[in-house]
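*Asks:* Dumping the structure here so I can ask a few things about it.
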Amino acid sequence: MNLSLPFDVTSGAIAGYAQTERRLSDLPASFADQKALAGLLDAGNPLLYRVSLIEEHNGPGQLHYGMGVLMPGQVGREYFMTKGHFHAWRPAAEVYIGLAGQGLMLLEHEESGECHAIPLSANTVVYVPGHTAHRTVNTGNEPLVYWGVLSSDAGHDYGAVGKRNFRQVVVAQEGKPLVMERADFLAELEAEKL
Ligand code: NI
């Protein structure tokens, strides 16, 4: 049982643990601008993020934890982001600790639909309440690196987010991040086609 693990804050690598890579082709339905998405897939299918999960302590009171490295970039005007998820055990909260870079955590409560975009950057800690979908967004020019720590009983539910996506998007507007309703952004994209 490892009680201390060295990690690399630049690469997100943890000695002895595999990193899972997510490329743009792994998130075909997450981004709004399908034309920009197709162009990036043709141009090489960029790496979006890498995660290392440490899920070796299980049972009542135990913790799982993981390190994420989310690359800078955009799909059209939308910043690179993670797929996002609920916890399978909905009451389970999570703490995210920002280590490097600049970004946002999108939160959306499952029942009330209440949304928040919370800064997640180096030297920032974010509390993700239970019953809340969460997704990280890199709004900066360097990798966004963070730890997440949660109950070993939490589990991950990607399916619910996959079906409905998040209600809000984070897009670049004159070089700065703007949080807007997905429906409004989709309407803008449609208007541009005309
Ligand atoms: Ni989580």
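The values are calculated or read from the model by the stated rules, or taken from the named source; none is laboratory data. Bear in mind that the values here come from a model prediction, so they are computed numbers and not experimental data. All Cβ positions, glycine included, derive from the backbone under ideal geometry; neighbour counts span all protein chains shown. Keep in mind that these areas ignore ligands, DNA and RNA; they rest on the heavy atoms of the full protein, side chains included. Shrake-Rupley method; radii C 1.70, N 1.55, O 1.52, S 1.80 Å.
*Asks:* For the range 28-59, give me the residue count where each residue is touching a residue at least 12 places away in the same chain (Cβ under 8 Å), over 22 Å from L99 (Cβ atoms) and either open to solvent by 50 Å² or more (accessible area, probe 1.4 Å) or hydrophobic (A, V, I, L, M, F, W, C) (or both).
*Replies:* 9
*Asks:* State which residue is farthest from H85 (Cα to Cα) when the search covers only the range 154-194 and only residues that are among the basic types (K, R) and either open to solvent by less than 90 Å² (accessible area, probe 1.4 Å) or modelled with pLDDT of 95 or more (or both).
*Replies:* My answer is K176.
*Asks:* Still on this structure: Can you tell me how many residues within the range 129-148 are open to solvent by less than 50 Å² (accessible area, probe 1.4 Å), within 15 Å of the ligand (Cβ to nearest atom) and of a type outside the set (S, T, Y)? Walk me through it before giving the result.
*Replies:* Residues of the range 129-148 that are open to solvent by less than 50 Å² (accessible area, probe 1.4 Å), as a first pass: 130, 132-140, 143-148.
With the extra rule that they be within 15 Å of the ligand (Cβ to nearest atom), the set shrinks to 130, 132-137, 146-148.
Narrowing further to those that are of a type outside the set (S, T, Y): 130, 133-135, 137, 147-148.
Qualifying residue count for the region: 7.
*Asks:* Let me ask you something else. Taking interchain pairs and intrachain pairs at least six residues apart, which have beta carbon atoms under 7 angstrom, with the first residue in the range 68-87 and more than 23 Å from E110 (Cα to Cα) and the second modelled with pLDDT under 95 and crowded, with 19+ Cβ neighbours inside 10 Å?
*Replies:* Taking only residues 6 or more apart or on different chains, the pairs are G68/G12; V69/G12.
*Asks:* Can I ask one more? Could you run through the range 149-178 and say how many residues are under 15 Å from the mean Cα position of the chain (by Cα), under 16 Å from F31 (Cβ atoms) and of a type outside the set (F, W, Y)?
*Replies:* Summing the residues that are under 15 Å from the mean Cα position of the chain (by Cα), under 16 Å from F31 (Cβ atoms) and of a type outside the set (F, W, Y) in the range 149-178 gives 8.
*Asks:* Same structure, new question: State all residues of the range 107-123 that are under 24 Å from R22 (Cα atoms), away from the ligand (no atom under 16 Å from the Cβ) and in contact (Cβ under 8 Å) with a residue 40 or more places away in the chain; if no residue qualifies, say none.
*Replies:* A117 - this is the single residue of the range 107-123 that is under 24 Å from R22 (Cα atoms), away from the ligand (no atom under 16 Å from the Cβ) and in contact (Cβ under 8 Å) with a residue 40 or more places away in the chain.
*Asks:* Here's something else I'd like to know. Sort out for me the strands (runs of 3 or more DSSP E) sitting completely within the range 18-74 that have 2 or more residues that are at pLDDT 95 or above, in contact with a helix residue (DSSP H, G or I) (Cβ under 9 Å, 6 or more places away or on another chain) and hydrophobic (A, V, I, L, M, F, W, C). Spell out the reasoning first.
*Replies:* On the way: elements: 20-23, 47-54, 63-70.
In the range 18-74, 47-54 are the strands (runs of 3 or more DSSP E) which contain 2 or more residues that are at pLDDT 95 or above, in contact with a helix residue (DSSP H, G or I) (Cβ under 9 Å, 6 or more places away or on another chain) and hydrophobic (A, V, I, L, M, F, W, C).
*Asks:* Related question: Taking the stated definitions as given, is V126 modelled with pLDDT under 95, within 13 Å of the ligand (Cβ to nearest atom) and open to solvent by less than 20 Å² (accessible area, probe 1.4 Å)?
*Replies:* no
*Asks:* Scan the range 66-106 for residues that are of a type in the set (A, V, I, L, M), within 11 Å of the ligand (Cβ to nearest atom), under 21 Å from V145 (Cα atoms) and open to solvent by 10 Å² or more (accessible area, probe 1.4 Å) and jot them down.
*Replies:* Of the range 66-106, the ones of a type in the set (A, V, I, L, M) are 67, 69-71, 75, 81, 88, 92-93, 95, 97, 99-100, 104-106.
Checking the rest, the ones that are also within 11 Å of the ligand (Cβ to nearest atom) come to 88, 92-93, 95, 105.
Next, from what is left, pick out any that are under 21 Å from V145 (Cα atoms): 93, 95, 105.
Residues satisfying the conditions are A93, V95.
*Asks:* Mind checking which pairs have a first residue in the range 181-192 that is among the basic types (K, R) and a second that is open to solvent by less than 60 Å² (accessible area, probe 1.4 Å), Cβ under 9 Å, 6 or more apart or different chains?
*Replies:* Filtered contacts from the range 181-192: R182/A32; R182/N165; R182/F166; R182/Q168; R182/V169.
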